[in-house]
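Enquirer: Just passing along the structure, written as structure tokens.
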There are 2 protein chains.
Amino acid sequence: MSRAYEELQPYLERAQAFQTAKVLFEWDNETLAPKAAGSNTSKVVGTLSSEYFSVITDEKVVRLVKECGKDELTPVESAIVRELSEEIEKLQCVPAKEYREFAELTSEGTRIWADARKEKNFEKFAPTLKKLIEYTKKFASYRAKEGQRLYDVLLEDYEKGFDMETLDKFFGTLREQLVPFLKKITESGVEIRDDFLTGDYKEEDQEAIGRFFAEYVGFDFDKGVMAVSAHPFTTNLHNKDVRITTSYNRHVDDSLFSVIHESGHAMYEMGIPDELTQTLVGQGASMGMHESQSRFFENIIGRNEAFWLPVYGKLQEQFPKELGKVTVQEFVKAINKVEPSLIRTQADELTYSLHVMIRYEIEKMLIEEDLEVEKLPEIWADKYEEYLGVRPKDVAEGVLQDIHWSQGAFGYFPSYALGSAFGAQLYAYMKHKMDFEGLLEKGEISTIREFLRENIHRYGKLKTSRQMLKDITGEDFNPQYYVDYLTEKYGKLYAG
Amino acid sequence: MSRAYEELQPYLERAQAFQTAKVLFEWDNETLAPKAAGSNTSKVVGTLSSEYFSVITDEKVVRLVKECGKDELTPVESAIVRELSEEIEKLQCVPAKEYREFAELTSEGTRIWADARKEKNFEKFAPTLKKLIEYTKKFASYRAKEGQRLYDVLLEDYEKGFDMETLDKFFGTLREQLVPFLKKITESGVEIRDDFLTGDYKEEDQEAIGRFFAEYVGFDFDKGVMAVSAHPFTTNLHNKDVRITTSYNRHVDDSLFSVIHESGHAMYEMGIPDELTQTLVGQGASMGMHESQSRFFENIIGRNEAFWLPVYGKLQEQFPKELGKVTVQEFVKAINKVEPSLIRTQADELTYSLHVMIRYEIEKMLIEEDLEVEKLPEIWADKYEEYLGVRPKDVAEGVLQDIHWSQGAFGYFPSYALGSAFGAQLYAYMKHKMDFEGLLEKGEISTIREFLRENIHRYGKLKTSRQMLKDITGEDFNPQYYVDYLTEKYGKLYAG
């Protein structure tokens, strides 16, 4: 082992501990912490953030990273040093004081957002959002390379190699092909019945069936827990402690598919090898790759008729009153019904990427065009009307629906659409390699999961998403697979 | 403000953050964390512990504390410097490596203990317990002043000014007066009916009524949460995030009184002023003082007929089938029934201190007389038979019932009995100052709580328990109040 690399270890261990503690506080904040805990706890989280900052930017760490460059390292060691070096670059640009202020702001911001959303009061969140944008732009400007635009700096954080140029093309393709396709469908006259998905679905029954399906797709409850929060999410302390949340309402499919979605994220993190977990490369490769896994499980697996054939009876058993007389074919049609709507997380598979497109366009305006925060609710509503033909009646179902901005996450949204496209490309390849639907019909999801573990999960951050796609499918990222998948699936469903 | 004191602040803030993060991990470990998380999470907790250690023993901190001695400080500042100085002394004696190993051992130990208890398998826990005792003794030997005995070093940690000499006398008094009194009662022939306390009390109903009574005695759910764990406990991140747990079984009084007990602890921490919270003096004065509050609420208030007169109807409403026909007098007799038993946390008020006495005697043997760990189950059983006339049939209801040793907490148990005695002394004084039972009958617990807040809670660690008792009652600690309280109360109940 390189001497410099060895000397880095205690620093990395400390950074890891501070980071993990922060993750636990975030989890706790969104699932359990008492209302009044706010500012006292933010102080603690702020201190942990600045400790992380201090370790990573410690001058000895900076020196050791440079020295490592001269030594011979294993591929894993090199990747860790590369991640560390990028993290140093990211953090060193930001003055410690500002970094800490930002950490406190995001901790507090999530709480303020939740309150504002509850009260449907955008003004309550606006001043915080303004500050969050200011910090984000300032930090991006510190890090921007010559000529690099600020939003490109942010996009790069979530998905290496995808900038505004690429994304404009990507979303352009979707807009060109999917928007007219969607119009054709909504005007097809085909009506799909889905009234039975809404009703007095008891929370405890939804929880029970959620746990069943999480386990059925492969979530390991020895290495994870499931709880309730306003907005479903997945977080992980390490590969043996991965946590998902969901929330319950009268639409049984909401919690059901959010659980399968988050399980997809969770299995990615549970699939990180022991050698990589608790290191800088011990997490999913990118946000997009993560979404490729979650949306793969949610849609390509979870909304597939073949998936439901062996287990629909289980769902009927849990809800005999609501689903006893609904056939599996009717159920599968219902969970694939296309209906332009207001809430991204409840959107159908086809319109989903249009929700993301709206956010991408608005983020570009916020970061690149100085859009005034006050105008957000209206612009949001206008775009929904333009692309999806629906208009939110309040900010809770409009601009305040997502947690991301309150956490300072700008540039994250596009990865949702990219993830779906990655997933479709993987699916096209896998269908040639295995009897995909046949496996689902036999309830043998483990074969599919094993393929993903073997080709994606086990690499952690050792490869980029783009490289992995190429290594697996033998082809660079190609969004046409996504469009083809959607138009074929929904063309059939709405053939009338 | 003293310059040295000011320079200490960032160090204290960091120490506080590491400590608070550790508390959250402990809470999480006992309430939610997945089974397999164990060793990966222990690594994180170990790092946080050694970070705490590094900050407190940083040579600059040591120097600044000395410099503070020369400056003029406010009483709060002096108290913080005093606590810090004691903490430095405590930690400096221990080599950093050993401190860290011990932290990891206790984190892992709690998990091993829980498994061993579940499996009723003492051998599974014995090797860990042995190591815990070795570390504890080694650490105590580092810190012992000349001629000071090891167990006295440990006792001092939980209750300043109470050593083996004092405690031998204290427990001697109890043994002399309470053991014959208990004998008289058990042979009185008076039979109290309490069969209705056991039954199919639904968990969700127990939880609902637990939340009601927590709030009724003054637990503020805006500043706290309630969850489930194997062994009820209270923990706090700061004065606005205080957490209690309970567990549910077929005995409704178990969870009911554990909730009131933990609420007593919690209100102490919620009563710490904002100026003190998140500092080294921002917690209860001592373990004994803490127990005085929890046992005060549990027994002196919670098992008082006057307490139940206005709210017993509420309990009946929740459990009409089980308690609809039980009068409040029958209920109050039942919850005060004296019955020598095996589990400390379920013990009645009168026999409770005998459970503690057994642990005190055994800890003395473990620390001072090199009692072999292997012999524990039998010695435990023998002592229960000797003092209480009952013998555990397995280790789960014997030596493995308490979590304390798995956390490395030796010397803690005596504070439970001391707390009860402190409470009785406070009660005797308060009865002269206010119409105690009259207030309870009117449901005006706030007056009593306010007295405790004003005279105890608000001081945090600014005074010792002994000093506070003296300042309030005008008298030094006097265990006779405890014996008199018990013999009067239970003499009446068992008058026949």
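The values are calculated or read from the model by the stated rules, or taken from the named source; none is laboratory data. Remember, predicted model here, so these are calculated numbers, not experimental data. With ideal geometry, Cβ positions are generated from the backbone for all residues, glycine too; neighbour counts draw on all protein chains shown. We work out accessible area using only protein heavy atoms, side chains counted, and drop any ligands, DNA or RNA first. Shrake-Rupley method; radii C 1.70, N 1.55, O 1.52, S 1.80 Å.
Enquirer: Against the condition open to solvent by 80 Å² or more (accessible area, probe 1.4 Å), in a helix (DSSP H, G or I) and farther than 27 Å from A:TRP405 by Cβ, how does A:GLU123 come out, does it pass?
Expert: Numbers: open to solvent by 80 Å² or more (accessible area, probe 1.4 Å): yes; in a helix (DSSP H, G or I): yes; farther than 27 Å from A:TRP405 by Cβ: no.
So A:GLU123 fails the test.
Enquirer: Would you confirm, using the coordinates I've provided, whether B:SER50 is among the small types (Gly, Ala, Ser), in contact (Cβ under 8 Å) with a residue 12 or more places away in the chain and either under 27 Å from B:CYS93 (Cβ atoms) or within 14 Å of another protein chain (Cβ to nearest Cβ) (or both)?
Expert: Values: among the small types (Gly, Ala, Ser): yes; in contact (Cβ under 8 Å) with a residue 12 or more places away in the chain: yes; either under 27 Å from B:CYS93 (Cβ atoms) or within 14 Å of another protein chain (Cβ to nearest Cβ) (or both): yes.
It is true that B:SER50 is among the small types (Gly, Ala, Ser), in contact (Cβ under 8 Å) with a residue 12 or more places away in the chain and either under 27 Å from B:CYS93 (Cβ atoms) or within 14 Å of another protein chain (Cβ to nearest Cβ) (or both).
Enquirer: Give me a count of the residues in the stretch A:29-45 that are touching a helix residue (DSSP H, G or I) at 6+ places or on another chain (Cβ under 9 Å), open to solvent by less than 10 Å² (accessible area, probe 1.4 Å) and facing another protein chain (nearest Cβ under 8 Å).
Expert: Total satisfying the criteria: 3.
Enquirer: Quick one: which of B:GLU87, B:GLU72 is away from every other protein chain (no Cβ under 14 Å), open to solvent by 30 Å² or more (accessible area, probe 1.4 Å) and within 20 Å of B:GLY282 (Cβ to Cβ)? Spell out the reasoning first.
Expert: Working: B:GLU72 fails: within 20 Å of B:GLY282 (Cβ to Cβ).
After ruling out the rest, the residue left standing is B:GLU87.
Enquirer: Here are A:GLY423, A:GLY438, A:GLY443: which of them is assigned by TED's automatic domain parsing to the domain that holds A:PHE307 and either under 22 Å from the mean Cα position of the chain (by Cα) or under 29 Å from A:THR279 (Cβ atoms) (or both)? Even if it seems obvious, please write down each step before you answer.
Expert: Working: A:GLY438 fails: either under 22 Å from the mean Cα position of the chain (by Cα) or under 29 Å from A:THR279 (Cβ atoms) (or both); A:GLY443 fails: either under 22 Å from the mean Cα position of the chain (by Cα) or under 29 Å from A:THR279 (Cβ atoms) (or both).
The conditions single out A:GLY423.
Enquirer: In this structure, does B:VAL356 turn out to be open to solvent by 30 Å² or more (accessible area, probe 1.4 Å), aliphatic (A, V, I, L, M) and closer than 19 Å to B:PRO180 by Cα?
Expert: no
Enquirer: Given A:LYS442, A:LYS463, A:LYS433, which one is under 29 Å from A:VAL81 (Cα atoms) and of a type in the set (Lys, Arg)? I'd like the intermediate steps shown before the answer.
Expert: On the way: A:LYS442 fails: under 29 Å from A:VAL81 (Cα atoms); A:LYS433 fails: under 29 Å from A:VAL81 (Cα atoms).
Of A:LYS442, A:LYS463, A:LYS433, the one residue that is under 29 Å from A:VAL81 (Cα atoms) and of a type in the set (Lys, Arg) is A:LYS463.
Enquirer: Among all residue pairs at least 6 apart or on different chains, which show Cβ distances below 9 Å where the first residue, located in the stretch A:365-385, is without any contact (Cβ under 8 Å) to a residue 40 or more places away in the chain and on the phi > 0 side of the Ramachandran plot and the second is surrounded by 12 or more Cβ atoms within 10 Å (Cβ to Cβ) and assigned to a helix (DSSP H, G or I)?
Expert: Note: no pairs meet the criteria.
Each row is one residue, and each column tells you yes or no for (1) part of a loop (DSSP other than H, G, I, E, B); (2) open to solvent by less than 50 Å² (accessible area, probe 1.4 Å).
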position	(1), (2)
B:LYS169	no, no
B:THR173	no, yes
B:PRO180	no, no
B:GLY189	yes, no
B:TYR201	yes, yes
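Enquirer: Can you name the residue in the stretch A:4-28 that is under 26 Å from the mean Cα position of the chain (by Cα) and without any contact (Cβ under 8 Å) to a residue 12 or more places away in the chain and, of all such residues, is nearest to the other protein chains (Cβ to nearest Cβ)?
Expert: It comes out as A:ALA17.
Enquirer: Assuming A:LYS169 fulfils every condition listed in (1) assigned by TED's automatic domain parsing to the domain that holds A:GLU378; (2) basic (Lys, Arg); (3) touching a residue at least 60 places away in the same chain (Cβ under 8 Å) apart from one, which condition is it?
Expert: (3)
Enquirer: Among the residues of the stretch B:476-490, is there at least one that is surrounded by 20 or more Cβ atoms within 10 Å (Cβ to Cβ) and of a type in the set (Val, Ile, Thr)?
Expert: no
Enquirer: Looking at (1) in a loop (DSSP other than H, G, I, E, B); (2) open to solvent by less than 10 Å² (accessible area, probe 1.4 Å); (3) touching a Leu at 6+ places or on another chain (Cβ under 6 Å), find the lone condition where B:ILE367 falls short.
Expert: If we test B:ILE367 against (1) in a loop (DSSP other than H, G, I, E, B); (2) open to solvent by less than 10 Å² (accessible area, probe 1.4 Å); (3) touching a Leu at 6+ places or on another chain (Cβ under 6 Å), just (1) comes out false.
Enquirer: Another question, if that's okay. Spot the failing condition for A:GLU215; the list is (1) free of Cβ contacts under 8 Å to residues at least 60 places away in the same chain; (2) crowded, with 17+ Cβ neighbours inside 10 Å; (3) within 14 Å of another protein chain (Cβ to nearest Cβ), and only one is missed.
Expert: (2)
Enquirer: Follow-up question, since we're still on this one. Can you pull out the helices (runs of 4 or more DSSP H) entirely within the stretch B:233-339 that have at least 2 residues that are surrounded by 22 or more Cβ atoms within 10 Å (Cβ to Cβ)? If you could, list the steps in order and put the result at the bottom.
Expert: Working: elements: B:252-270, B:287-295, B:305-308, B:312-318, B:320-323, B:328-335.
It comes to B:252-270, B:287-295.
Enquirer: I'm trying to understand the selection: among the residues of the stretch B:410-454, which are of a type in the set (A, V, I, L, M) and open to solvent by less than 10 Å² (accessible area, probe 1.4 Å)? Don't jump to the end; show me each part of the working.
Expert: Applying the first criterion (of a type in the set (A, V, I, L, M)) to the stretch B:410-454 yields B:417-418, B:421, B:424, B:426, B:428, B:430, B:434, B:439-440, B:445, B:448, B:452.
Once the filter is applied, which keeps residues that are of a type in the set (A, V, I, L, M) and open to solvent by less than 10 Å² (accessible area, probe 1.4 Å), the stretch B:410-454 yields B:ALA417, B:LEU418, B:ALA421, B:ALA424, B:LEU426, B:MET430, B:LEU440, B:ILE445, B:ILE448, B:LEU452.
Enquirer: May I pose another question? Take the stretch A:218-232 and flag every residue that is in a strand (DSSP E or B), surrounded by fewer than 18 Cβ atoms within 10 Å (Cβ to Cβ) and small (Gly, Ala, Ser).
Expert: Of everything in the stretch A:218-232, just one residue is in a strand (DSSP E or B), surrounded by fewer than 18 Cβ atoms within 10 Å (Cβ to Cβ) and small (Gly, Ala, Ser), namely A:ALA227.
Enquirer: With the requirement that a residue be at the interface with chain B (Cβ under 10 Å from one of its Cβ atoms) and under 17 Å from the mean Cα position of the chain (by Cα), what does the stretch A:237-260 give you? Talk me through it step by step, then tell me what you get.
Expert: Start the filter on the stretch A:237-260 by keeping residues that are at the interface with chain B (Cβ under 10 Å from one of its Cβ atoms), which leaves A:237-243.
Of everything in the stretch A:237-260, those that are at the interface with chain B (Cβ under 10 Å from one of its Cβ atoms) and under 17 Å from the mean Cα position of the chain (by Cα) turn out to be A:LEU237, A:VAL242, A:ARG243.
Enquirer: Using beta carbons and a limit of 6 Å, which pairs, at least six apart or on different chains, have the first residue in the stretch A:308-333 and within 20 Å of A:VAL217 (Cα to Cα) and the second one open to solvent by 80 Å² or more (accessible area, probe 1.4 Å)?
Expert: A:LEU309/A:GLU441
Enquirer: I need a count of the residues in the stretch A:135-158 that are assigned to a loop (DSSP other than H, G, I, E, B) and closer than 15 Å to A:LYS364 by Cβ. Outline the logic, then answer.
Expert: Pass one, the stretch A:135-158, residues assigned to a loop (DSSP other than H, G, I, E, B): A:144-149.
Narrowing further to those that are closer than 15 Å to A:LYS364 by Cβ: A:148-149.
Going through the stretch A:135-158 one residue at a time, the tally reaches 2.
Enquirer: Tell me the residue from B:ILE260, B:ILE192, B:ILE185 that is farther than 30 Å from B:ARG111 by Cα, modelled with pLDDT of 95 or more and touching a helix residue (DSSP H, G or I) at 6+ places or on another chain (Cβ under 9 Å), please.
Expert: B:ILE192
Enquirer: Hey, another quick one. Filter the stretch B:340-351 down to residues that are open to solvent by 20 Å² or more (accessible area, probe 1.4 Å) and either outside any helix (DSSP H, G or I) or outside the structural domain of B:LEU182 (by TED's automatic domain parsing) (or both), then give me how many there are. Steps first, answer last, please.
Expert: Of the stretch B:340-351, the ones open to solvent by 20 Å² or more (accessible area, probe 1.4 Å) are B:340-343, B:345-346.
Next, only the ones that are either outside any helix (DSSP H, G or I) or outside the structural domain of B:LEU182 (by TED's automatic domain parsing) (or both) stay: B:340-343.
Adding up the residues that qualify gives 4.
Enquirer: Something else: For the stretch B:374-402, which residues satisfy the criterion of being of a type in the set (A, V, I, L, M) and surrounded by 19 or more Cβ atoms within 10 Å (Cβ to Cβ)?
Expert: Pass one, the stretch B:374-402, residues of a type in the set (A, V, I, L, M): B:376, B:379, B:381, B:388, B:390, B:395-396, B:399-400.
The answer is B:LEU376, B:ALA381, B:LEU388, B:VAL395, B:VAL399, B:LEU400.
Enquirer: Separate question: Can you name every residue in the stretch B:38-66 that is among the hydrophobic types (A, V, I, L, M, F, W, C) and over 20 Å from B:THR106 (Cβ atoms)? Steps first, please.
Expert: So in the stretch B:38-66, the residues among the hydrophobic types (A, V, I, L, M, F, W, C) come out as B:44-45, B:48, B:53, B:55-56, B:61-62, B:64-65.
Selection gives B:VAL61, B:VAL62, B:LEU64, B:VAL65.
Enquirer: Would it be correct to say that A:SER353 is touching a residue at least 24 places away in the same chain (Cβ under 8 Å), hydroxyl-bearing (Ser, Thr, Tyr) and farther than 21 Å from A:ILE301 by Cα? Spell out how you get there, then give the answer.
Expert: Numbers: touching a residue at least 24 places away in the same chain (Cβ under 8 Å): yes; hydroxyl-bearing (Ser, Thr, Tyr): yes; farther than 21 Å from A:ILE301 by Cα: no.
Considered against the rule, which asks whether it is touching a residue at least 24 places away in the same chain (Cβ under 8 Å), hydroxyl-bearing (Ser, Thr, Tyr) and farther than 21 Å from A:ILE301 by Cα, A:SER353 comes out as no.
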